[in-house]
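Reading through the structure tokens given below for one structure.
The values are calculated or read from the model by the stated rules, or taken from the named source; none is laboratory data. All values derive from a computational prediction rather than experimental measurement. We place every Cβ from the backbone using ideal geometry, glycine too, and count neighbours over all the protein chains shown. The area values use the complete protein model at the heavy-atom level, side chains included, leaving out ligands, DNA and RNA. Shrake-Rupley method; radii C 1.70, N 1.55, O 1.52, S 1.80 Å.
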Amino acid sequence: MREEETKRTSQNSKMQQFFRKRWVFPAIYLVSAALILTAVLWYQSIGNGNSANDPSDYGTSYQDEPTREVNSAVENFAMPVADADSVSVIRSFYEADATAEEQEAALVSYNNTYEPSKGIDLAREDGKEFDVAAALSGTVTKAEKDPLLGNVIEIEHKDGVTTVYQSLSSMTVAAGDEVEQNEILGQAGKSLIHEEDGVHVHFEIRKDGTAVNPVDYMDKPVSALNEINAEKEAPAKEEEGTEDAEKGAEEEKGAEEEKGAEEEKGAEEKGTEDEKGSEEGKEKEDAGKEGKEKGNSDEQSEASISTKNA
């Protein structure tokens, strides 16, 4: 027992001696501070890792918003074929300001009737079939067979632009499909209304339902349609304003002439009435004179009769 007590006493004395040293408590303080700081940093790192994937930490949730393609490439109109070098234009778009010869070449004849071409016809020199491709990316709104036009595909694009592909012998897309630019739509073929063109594809570009010349927009963006249409509308509005001004001047001149004619007619009618009044006055004066003369003759007759009786 004494040995154990002696041992405990020696241990306590050693501990007391250890804690009596000056560097012990500062060392304990520094170690404790280091442990606490390490624990805090570790806890924060865990919290940041979990909140990185939580959009609610930013105050707004973007889960319901549609994703947007920020750096989407601007597409230019491309030839509606897989190999543009293998085809050529065999029938042009009908232009109102073209020469008579060019307009005649752009007419489509069927059943003894002639209609202006609203697009361009493309064909190979050897007359063989070829792949028809999308001129722009968009949504297929129509893909069906027409008895006169063959297989017809219509694709809707942005800004009210639609591309049309006719005279196809086969189709690889259906209505509702999303297609990319240069994606194969089918094979070129024949149609009854363009029978003289043989194997070809009839291609149209429409802006808000109005057909435009596809050749004018090849290798140009869709926005070029708005710019060119604005340039065409400006002279038309100026011409319309000039016509309105000329029409207004003519109407004003006509109104003045009509007013002058009415005044002249009124003066003539007034002169006629005055002349008629003068004639009536003269007739009344003559009638008065005749009455007066008759009265005098009657008086003379009565006087003569009275003289005779006397």
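Laid out as a table, the results:
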item: Distance histogram for the range 74-193 (every C-alpha pair counted, 5 angstrom bins, percent rounded to whole numbers); result: 2, 11, 20, 22, 20, 15, 8, 2, 0
item: Segment residue 99-residue 32, extension gain: residue separation times 0.36 nm, minus the distance between their alpha carbons; result: 14.4 nm
item: Karplus-derived HN-Hα couplings along the range 206-217 (A = 6.51, B = -1.76, C = 1.60, θ = phi - 60°), whole Hz, x at Gly and Pro; result: 10, 10, 6, x, 9, 6, 10, 6, x, 5, 5, 10
item: Solvent exposure of the range 85-148 as accessible area per residue, Å², 1.4 Å probe; result: 62 Å²
item: Anisotropy class of the range 90-133 from Cα gyration tensor, a/c 1.5 cut; result: prolate
item: Global form of the range 163-214, assessed from the alpha-carbon gyration tensor, a/c cut-off 1.5; result: oblate
item: Under 10 Å, Cβ to Cβ, from residue 159 - net charge with Lys/Arg +1 and Asp/Glu -1; result: +1
item: Extension gain from residue 86 to residue 44, taking 0.36 nm per residue of separation minus the Cα-Cα distance; result: 8.5 nm
item: Listed pairs 145/190; 118/220; 145/220; 118/190; 190/220 exceeding 21 Å between Cα atoms; result: 145/220; 190/220
item: Pairwise FRET efficiency - residue 114 versus residue 76, Cβ, R0 = 45 Å, nearest 0.05; result: 0.85
item: Length gained when the stretch residue 223-residue 15 is fully extended (0.36 nm per residue, less Cα-Cα span); result: 66.0 nm
item: Net charge of neighbours whose Cβ lies under 11 Å from the Cβ of residue 221, counting Lys and Arg as +1 and Asp and Glu as -1; result: -2
item: Heavy-atom accessible area order for 118, 190, largest first, 1.4 Å probe; result: 190, 118
